[in-house]
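Notes follow once the structure below has been shown.
Please treat every number below as a calculation from the coordinates, not as lab data. From a predicted model like this one, the values you see are computed outputs, not experimental measurements. As a convention, Cβ positions derive from the backbone with ideal geometry for all residues, glycine included, and neighbour counts pool all protein chains shown.
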Amino acid sequence: MLASCSLLHQILNSVPRSEFEQLVSKRKSDRGARGFTSRDQFVAMMFCHLGRAQSLREIENGLRSAGGKIHQLGIKVPVRSTLAYANEHRTWQLYRDMFFATLNNCRSVQKGRHKLRFKNPLRSLDSTTVEVVSEMFDWAKYNKAKGAIKLHLLLDHDGYLPTYACITDGQKADITVGRMLDFDPGSVIVFDRGYVDYAWFRSLTERKVWFVTRLKKNAHYEVIEELPAPQGILSDQLVDLMMSQRNDFIPLRLRRIEIADPNRDGKSLVFFSNLLHFGATTIAAIYKERWQIENFFKAIKQTMKIKTFIGSSMNAIQIQLWTALIAMLLIRYIKLKSQCPVSLSNLVAMLRFHLLAHRELWEWLKEPFAPPDPPQAVQGVLFR
């Protein structure tokens with residue numbers, strides 16, 4: 001069945017227009033706007049990510065060439081200088097608020113739990129770095145030779161939806177962002193060595209937030225008890241984690257799980273966790289699930305425009321990254337809701353090819369490789 005509007009139009013309808021306008025009014029982002037509204041800017045940035053436009057010129061020309069298909073969205077096609085000015089000067093907090101509003105809408109299609117056997121919420125915490133030219137992005141500090149931007153992310157393993165994001169310069173330590181987060185009691189958080197902070201570990205334990213991580217090679221601990229190791233586990237121990245530099249540090253009781261490294265013969269992986277009541281194989285499986293956040297970073301870098309930028313100011317970068325996260329949420333949402341059989345990267349590629357085609361979105365997602373219905377002829381006139 002032919003749809004009366006484009007796939008892009010239908011995807012953007014997943015973002016309630018009234019909710020967006022409320023956030024615009026709250027942030028006063030349209031104050032002083034002269035014909036080019038925040039809605040116009042939002043649609044242009046969604047076209048940038050979903051259509052993989054490489055520059056301001058491609059955004060302008062791509063939207064302008066769509067003609068009537070864009071007018072259905074009720075937006076004004078931006079001149080590239082107008083879009084550049086809006087990205088540099090309009091508040092990026094609008095799109096951060098829109099990200100969390102979109103996330104709330106996406107939760108309606110979550111399945112209710114992750115793939116592992118326990119019922120506690122499972123989340124991964126990590127960051128990814130995007131290198132930039134330090135001369136152009138002088139605010140994005142990293143080291144003397146180059147600049148960088150960091151995207152810090154908390155990924156919910158129920159539907160693999162990002163539940164928290166923070167964008168900083170490359171010098172921001174991962175643990176600094178980790179300390180800012182307030183996790184729900186009972187949650188299981190998995191993270192790597194970038195978040196090693198013994199005082200933070202104790203704070204998590206006191207709040208009944210469970211974690212699985214790896215420690216640095218110079219970690220000091222005392223083995224308290226050897227536990228029976230199931231098949232596939234080299235050792236399972238109860239240990240007291242200690243800080244050699246401080247005599248007043250009260251040892252922290254943790255589990256130490258050692259397994260063989262499947263990628264390196266003769267090597268092993270060692271995990272530490274405050275989950276004293278979980279099985280060793282479950283703790284090992286939790287850390288293996290951490291790879292899903294790496295897959296998310298890989299997907300967003302491959303499918304959205306975040307490795308190169310259409311602006312150089314901090315405000316423009318924030319807008320580009322937050323709109324990329326919104327686009328990823330929308331893709332996750334339609335994939336979860338439709339149960340589309342193709343992978344996320346292939347889905348984004350197919351959407352890019354049909355972004356302005358008039359197809360019924362949910363019917364198309366059931367059979368994305370089926371040809372469209374032929375145009376109908378009425379009294380010798382061909383309607384397209």
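See the values below:
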| read-out | value |
| --- | --- |
| 5 angstrom amide H check on Thr163, placed H, neighbours 5+ away | Leu154, Leu155, Asp156 |
| Additional length obtainable on full extension of the chain from Arg193 to Thr129, 0.36 nm per residue less Cα span | 21.5 nm |
| Reachable lysines, given that their alpha-carbon falls under 30 Å from the alpha-carbon of Lys76 and they are not under 8 places away in the same chain | Lys26, Lys28, Lys301, Lys305, Lys307, Lys335 |
| Restricting the stretch 56-138 to GluC sites (Glu not before Pro) in coil, as DSSP defines it, with at most 12 other Cβ within 10 Å | Glu135 |
| Diffusion coefficient, µm² s⁻¹, Stokes-Einstein with Kirkwood Rh over alpha-carbon pairs of the stretch 199-278 at 25 °C and 0.890 mPa s | 181 |
| Cβ crowding within 10 Å averaged over residues, with 357-364, 342-349 ranked highest first | 357-364, 342-349 |
| Relative contact order of the chain, defined on C-alpha pairs under 8 angstrom at six or more residues apart (%) | 21 |
| Relative contact order (%) - the stretch 199-278, alpha-carbon pairs under 8 angstrom, separation at least six | 28 |
| Part-to-part distance (alpha-carbon centres) for the stretch 317-331 and the stretch 24-73, which is given in Å | 14 |
| Helix-only [θ]222 nm of the chain, DSSP H runs n ≥ 4, -39500 (n - 2.57) each, per residue, nearest 500 | -11500 deg cm²/dmol |
| Cα-based helix-to-principal-axis angle, 314-338 vs the chain, degrees rounded to 10 | 90 |
| 5 angstrom amide H check on Ala148, placed H, neighbours 5+ away | Val132, Lys141, Tyr142, Gly170 |
| Under the Karplus curve 6.51 cos²θ - 1.76 cosθ + 1.60, θ = phi - 60°, whole-Hz ³J(HN,Hα) for the stretch 182-191, x wherever Gly or Pro sits | 10, 8, 5, x, x, 5, 10, 10, 10, 8 |
| FRET efficiency, 1/(1 + (r/R0)^6) with R0 51 Å, evaluated for Tyr85 and Ile250 via beta carbons | 0.35 |
| Reachable lysines, given that their alpha-carbon falls under 28 Å from the alpha-carbon of Lys267 and they are not under 8 places away in the same chain | Lys115, Lys216, Lys217, Lys288, Lys298 |
| Phi-based couplings in Hz for the stretch 89-106 (Karplus 6.51, -1.76, 1.60; Gly and Pro marked x) | 10, 7, 4, 6, 4, 4, 7, 5, 4, 5, 4, 5, 5, 5, 4, 4, 5, 5 |
| Order of Asp126, Asp265 - criterion: other Cβ atoms within 10 Å of each residue's Cβ, fewest first | Asp265, Asp126 |
| Using alpha-carbon coordinates, inclination of helix 17-27 to the longest axis of the chain, degrees | 70 |
| FRET E, pair His220, Phe100, Förster distance 51 Å, beta-carbon r, rounded to 0.05 | 0.80 |
| GNM top mover of Ile259, Ile326, Ile149 - the chain, alpha-carbon springs below 10 Å | Ile259 |
| Neighbour-limited loop hits for trypsin sites (Lys or Arg not before Pro), the stretch 217-324 (at most 16 other Cβ within 10 Å; DSSP other than H, G, I, E, B) | Lys217, Arg246, Arg264, Lys267, Lys307 |
| Ranked by how many other beta carbons lie within 10 Å on average, peptides 208-214, 271-277, 224-230, 10-16 from highest | 208-214, 271-277, 10-16, 224-230 |
| Theoretical gain in end-to-end length, Ala357 to Ala173 [0.36 nm per residue, Cα-Cα removed] | 61.8 nm |
| For Tyr221, distant residues with modelled amide H under 5 Å away | Met242 |
| Karplus (6.51, -1.76, 1.60) ³J(HN,Hα), θ = phi - 60°, over the stretch 140-156, in Hz, Gly and Pro reported as x | 8, 6, 9, 8, 5, 8, 8, x, 7, 10, 10, 10, 8, 9, 10, 9, 8 |
| Pair Lys337, Ala33: separation of 7 Å Cα→Cβ label points (nm) | 2.3 |
| 0 to 90° range, to nearest 10: angle between helix 38-50 axis and the chain longest Cα axis | 70 |
| Antiparallel bridges, percent of DSSP beta bridges restricted to the chain (to nearest 5) | 90 |
| Set of lysines near Lys337 by C-alpha distance (under 16 Å), chain-local residues within fewer than 8 positions excluded | Lys111, Lys366 |
